[in-house]
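The values are calculated or read from the model by the stated rules, or taken from the named source; none is laboratory data. Since this is a predicted model, take the numbers as computed values, not measurements. Don't worry about glycine lacking a Cβ; one is built from the backbone with ideal geometry, like all the others, and counts go over all protein chains shown. Surface areas here come from the heavy atoms of the whole protein model, side chains and all, with no ligands, DNA or RNA. Shrake-Rupley method; radii C 1.70, N 1.55, O 1.52, S 1.80 Å.
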Amino acid sequence: MKKVLIMSSVHPWNDTRVFHKEAVSLANLGYDVTLYATASNHVYENNIPNLQVITFAPKSKAKRWQTWLELYSIARKSEAEIVHLHDPELLPLGYILKTIHHKKVIFDMHEDFPAVLQTRKIGHMRVSKWLLRFISTAEKKMLQKMSAVVYAEKYYKENYETLTTKQLDIYNYPFLQETFETDKYETPTLIYAGAIHEIRGFKEMLEVARLLKKANYHFQLLIVGKVPERLDVYAEKFLRENDLVNEVKLIGRLDLHELMTFYARSHIGLAILHPEANYLRSLPTKVFEYMSVSLPYVLSNFESYGRLVEETKSGYVVDPLSPDEIASQIQVLLDNPSTQAELGANGYKQHVANFNWSVEERKLGELYDGI
């Protein structure tokens, strides 16, 4: 049985892609998998054959180098035949493991790294152009040495046309879902799940809640995910001042199975990301999760998002920076349950036909068998 190490210094062990999809799939395919990742508010029950999970406490950015050294030491000494890495900051580790220790290394690219770098700051300064060029050159050199590079989005590889190493798209589509029989919440429910940040529409969602209440709509908004302290303070003040404590609920992080039940019980999904470079062409995983439980959604009006909506007829697009437009589109859905049902049914059909994990799992297995 081939031994595999999966490593992340950033993601919690029960991350949807890292654990639920790739680690579990590989274990089910007969690989002996050990996952190293950060602890979360859930504990692995050691209930999946061939899959061991080892967690460590998350560290601040200033101290994360300690985690890198620890993971390097573990991987170097391990008898695992394949090391699967999930974070850009671990790419140098993979380069060393491949070139010096002759390990087979897969690098899993979750985001458009060049686009992300353009928006990052060191202190209060944006990353300079010369440093961007240096990082980009070094990244390509290290990726070239990988046994394989996996992309979570099709367009990511456009940045790496010169690479000759094996490359493969493995998308973050949800597991194939049977039709949910769960009862909906009695209160019309809007839901968002994922990373919580200003550029992911957190403040706009709160403002939308204010506008809906002002228009005398009966609803609740569920925001699922870990809220940074600064936004927790902002939300507490905003909800208190606008009398929204009963309408808006900050749920915290949920495991995938819990989250899917929350989705299924809700009425409208939200994904109103800001027009940042990393988001413009990267379709949010949550939209495909919404489709898998027949949940209509309201989505940012980026070109690639608009194409998905046009092709699937499963949601609406709006200006993500206009709470008024977002609230107006939500009101249309709240006023028309039959439209909600039609969009949801369209999305579920597309989920079954095109957007589910089964095909991606097969591609993952073929990649591992071939390296």
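Could you check GLU111 against (1) without any contact (Cβ under 8 Å) to a residue 40 or more places away in the chain; (2) under 19 Å from MET146 (Cβ atoms); (3) open to solvent by 50 Å² or more (accessible area, probe 1.4 Å) and say which number it fails?
Just one mismatch for GLU111, condition (1).
Could you tell me how many of the residues in segment 340-371 are among the small types (Gly, Ala, Ser) and open to solvent by less than 20 Å² (accessible area, probe 1.4 Å)?
Final tally of qualifying residues: 3.
Got at least one residue in segment 22-32 being under 17 Å from the mean Cα position of the chain (by Cα), of a type in the set (D, E, K, R), farther than 20 Å from LYS103 by Cα and open to solvent by less than 30 Å² (accessible area, probe 1.4 Å)?
no
If a residue has to be out of contact with any Phe, Trp or Tyr (no Cβ under 6 Å at 6 or more places or on another chain), open to solvent by less than 30 Å² (accessible area, probe 1.4 Å) and within 21 Å of GLY315 (Cβ to Cβ) to count, how many in segment 240-270 make the cut?
5
Is it true that SER266 is touching a residue at least 24 places away in the same chain (Cβ under 8 Å) and at positive phi?
Answer is no for this residue.
Determine which single condition ILE199 fails, assuming it passes every other condition in (1) in contact with a His (Cβ under 6 Å, 6 or more places away or on another chain); (2) under 21 Å from MET260 (Cβ atoms).
Exception for ILE199: condition (2).
With respect to the numbered conditions (1) hydroxyl-bearing (Ser, Thr, Tyr); (2) within 21 Å of GLU198 (Cβ to Cβ); (3) open to solvent by 20 Å² or more (accessible area, probe 1.4 Å), which one is the sole condition not fulfilled by SER300?
(3)
So that you can scan it fast, the table gives a plain yes or no per residue for (1) in a loop (DSSP other than H, G, I, E, B); (2) touching a Lys or Arg at 6+ places or on another chain (Cβ under 6 Å):
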| residue | (1), (2) |
| --- | --- |
| ILE6 | no, no |
| GLU22 | no, no |
| VAL43 | yes, no |
| ILE48 | yes, no |
| GLN52 | no, no |
| VAL83 | no, yes |
| GLU89 | no, no |
| LEU93 | no, no |
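State which residue is most open to solvent (accessible area, probe 1.4 Å) when the search covers only segment 317-339 and only residues that are among the hydrophobic types (A, V, I, L, M, F, W, C), in a helix (DSSP H, G or I) and in contact with a His (Cβ under 9 Å, 6 or more places away or on another chain).
Checked segment 317-339; the qualifying residue most open to solvent (accessible area, probe 1.4 Å) is LEU334.
Would you check which residues across segment 33-86 are among the small types (Gly, Ala, Ser) and exposed (fewer than 15 other Cβ atoms within 10 Å of the Cβ) and list them?
If the condition is that a residue be among the small types (Gly, Ala, Ser) and exposed (fewer than 15 other Cβ atoms within 10 Å of the Cβ), then ALA57, SER60, ALA62, SER73 are the ones that fit.
Being in a loop (DSSP other than H, G, I, E, B) and either open to solvent by 40 Å² or more (accessible area, probe 1.4 Å) or under 15 Å from GLN329 (Cα atoms) (or both) is the filter here, so list the residues in segment 186-229 that pass it.
GLU186, PRO188, ALA195, HIS197, ALA215, ASN216, TYR217, HIS218, PHE219, LYS226
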